[in-house]
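Presented below is the structure to which this report refers.
Where a number appears in this text, it was derived from the coordinates with a stated rule and is not lab data. Quick caveat, the model's predicted, so the values are computed rather than measured. Here the Cβ is made from the backbone with ideal geometry for all residues, glycine too, and neighbour counts use every protein chain on show.
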Amino acid sequence: MNEAYLILGSNLGDKLANLNKAISLIELKSGSVVLQSKIYQTAAWGNTNQSDFYNQCIKINTSLKPSELIDNVLLIEKIIGRTRGDLKWQERIIDIDILFYENLIINEPNLKVPHPFIQERRFVLAPLHEIAPNFIHPVYNKSVEELLAVCADNLDVKII
């Protein structure tokens, strides 16, 4: 089994139900959820003229390869109702990103692990810190706790 950390986000519709549905589908299609952070209400990042997000980090055990996991994640987003447009940082019913997959560094056109913006986003680091404060980022060689301590992002992130 391999360990992977995912971030889930939703700012359309019933945000809590969207997160719960994503977790159920992840368990069904991708692996067992072994840790879940609390749910955080976070200001939108990038395009701030939209509703707040609910975000949650999870740790899963999976037998899937990273390429299979990303395929499953994209399928789960589609099942829940996500449509992808050309613009970045738009409102979405669900967003699921792979943050870490073991200690691997993957740089492929459709998959970048670790996620390239972990260190810049408090809405990722706060819930990730809750479940994995000592996980070492394989590129920066710093723990999640250390990354959170120096994160310059000052957008509002709070537990709901």
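In nanometres, what is the gap between the two model label sites at residue 63 and residue 102, each 7 Å from Cα along Cα-to-Cβ?
1.6 nm
How do 15, 158, 29 rank when sorted from fewest to most other Cβ atoms within 10 Å of their own Cβ? All intermediate terms of the calculation are to be shown ahead of the outcome.
On the way: 15 21, 158 10, 29 17.
So the residues, fewest neighbours to most, are 158, 29, 15.
Roughly how many whole Å is it from the C-alpha centroid of the stretch 1-55 to that of the stretch 101-160?
Each part reduced to its Cα centre gives a spacing of 15 Å.
Considering the options 55, 148, 4, tell which one lies farthest towards the positive end of the dipole of the chain, charges being +1 on Lys and Arg and -1 on Asp and Glu at the Cβ, about the Cα centre.
Highest projection toward the positive end goes to 55.
So how many Lys-Lys pairs in the stretch 1-132 land under 19 Å Cα to Cα, not counting same-chain pairs under 8 apart?
14
Contact order normalised by length for the chain, with contacts defined as Cα pairs under 8 Å and 6 or more residues apart; what percent is it? It would help to have the intermediate numbers written out before the result.
Details: 312 pairs, mean separation 47.3, N = 160.
Answer for the chain is 30 percent.
Using a ≥ b ≥ c from the Cα gyration tensor of the stretch 1-159 (square roots of the eigenvalues), is it rounded, prolate or oblate, where a/c under 1.5 gives rounded and otherwise the larger of a/b and b/c decides, a/b for prolate?
Rounded, because the longest to shortest axis ratio a/c is under 1.5.
So what is the 222 nm mean residue ellipticity for the chain from helices alone, if each DSSP H run of at least 4 adds -39500 (n - 2.57) and you divide by all residues, rounding to the nearest 500 deg cm²/dmol?
Working: 4 runs with 46 residues, N = 160.
Calculated at 222 nm, the ellipticity per residue is -9000 deg cm²/dmol.
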